[in-house]
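Okay, structure first, notes after.
The values are calculated or read from the model by the stated rules, or taken from the named source; none is laboratory data. Not measured: the values here are computed from a predicted model. Don't worry about glycine lacking a Cβ; one is built from the backbone with ideal geometry, like all the others, and counts go over all protein chains shown.
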């Protein structure tokens, strides 16, 4: 715990140096869930966006130029999902966990940068399942992993430690009614195998069909984003409906038979009565 707090302190010092340094860098933090669309603000933009250039960096590769002087680059992997807003913001469709990282907005006039950088840290929440099947049979065990992909402030990799213990970031699972799932619940096994990741393991029941489990991320008790996972149960889930269907069919057969037999019985009674009357007359 002492080591974690030490890392948190280092992270706090590092962040403070970024915020209070002489570089004048503008910073924003955006939390988004995978699969959603996001808007990244450019707070240093000039009118008409012709001077705006956007870069992307995730520390695992060299910085990539996404927008050059208001024109979208065509040689990037996310080209089709990018667009520039009228306010020079960067719009990204269908976010994936690979999109997390640092986005930098710069302003150039005549080849010279004229304003400080605008930094946007994009943090992505993603949920994955231990089962590759779209439908799971009752009685099967499934593990859902919820991970928050945070951009590291430095090469020491203190981002998760810093955010978790110093900034009040929390990841947790809730059921479809919004109730927080607890470790003490016998139906679920909840664990945190690493920072910024939390797993939920449970054995599926018939009534879990179309049930939703949601992973939330909060910052100082304020919800930032969430991801919902819906379970689909395969095969027959119960025989009650089948039994009821058979009973209904049997009732219909009896009613249809009765509807056919009743007029026949009445007609036979009339014929017998007439014949009996004829015998009495003779």
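Working only within the stretch 58-82, note down all residues that are touching a residue at least 24 places away in the same chain (Cβ under 8 Å), over 24 Å from the mean Cα position of the chain (by Cα) and either buried (at least 16 other Cβ atoms within 10 Å of the Cβ) or on the phi < 0 side of the Ramachandran plot (or both). Show your work before the answer.
Residues of the stretch 58-82 touching a residue at least 24 places away in the same chain (Cβ under 8 Å): 58-59, 63, 66, 69.
Next, from what is left, pick out any that are over 24 Å from the mean Cα position of the chain (by Cα): 59, 63, 66, 69.
63, 66, listed by residue number.
Under 7 Å by Cβ, and 6 or more places apart or on different chains, what pairs join a residue from the stretch 141-154 that is over 12 Å from residue 123 (Cβ atoms) with one that is assigned to a loop (DSSP other than H, G, I, E, B) and modelled with pLDDT of 80 or more?
The qualifying pairs are 142/130; 142/204; 143/130.
Which one of these is out of contact with any strand residue (DSSP E or B) (no Cβ under 6 Å at 6 or more places or on another chain), modelled with pLDDT of 85 or more and not in a loop (DSSP other than H, G, I, E, B): 177, 202, 143?
On the way: 177 fails: not in a loop (DSSP other than H, G, I, E, B); 143 fails: out of contact with any strand residue (DSSP E or B) (no Cβ under 6 Å at 6 or more places or on another chain).
Result: 202 is the single residue among 177, 202, 143 that is out of contact with any strand residue (DSSP E or B) (no Cβ under 6 Å at 6 or more places or on another chain), modelled with pLDDT of 85 or more and not in a loop (DSSP other than H, G, I, E, B).
Which of (1) more than 19 Å from residue 33 (Cβ to Cβ); (2) within 18 Å of the chain's Cα centre (by Cα) is the odd one out, the single condition residue 193 does not satisfy?
Condition not satisfied by residue 193: (2).
So is residue 85 surrounded by fewer than 18 Cβ atoms within 10 Å (Cβ to Cβ), modelled with pLDDT of 95 or more and over 17 Å from residue 33 (Cα atoms) or not?
In short, yes.
Collect the residues in the stretch 204-218 that are in contact (Cβ under 8 Å) with a residue 60 or more places away in the chain and within 30 Å of residue 123 (Cα to Cα), keeping them in residue-number order.
Those that are in contact (Cβ under 8 Å) with a residue 60 or more places away in the chain and within 30 Å of residue 123 (Cα to Cα): 213, 215, 217.
Confirm whether residue 102 is within 22 Å of the chain's Cα centre (by Cα), more than 21 Å from residue 189 (Cα to Cα) and in a strand (DSSP E or B). Full working, then the answer.
On the way: within 22 Å of the chain's Cα centre (by Cα): yes; more than 21 Å from residue 189 (Cα to Cα): yes; in a strand (DSSP E or B): yes.
So residue 102 passes the test.
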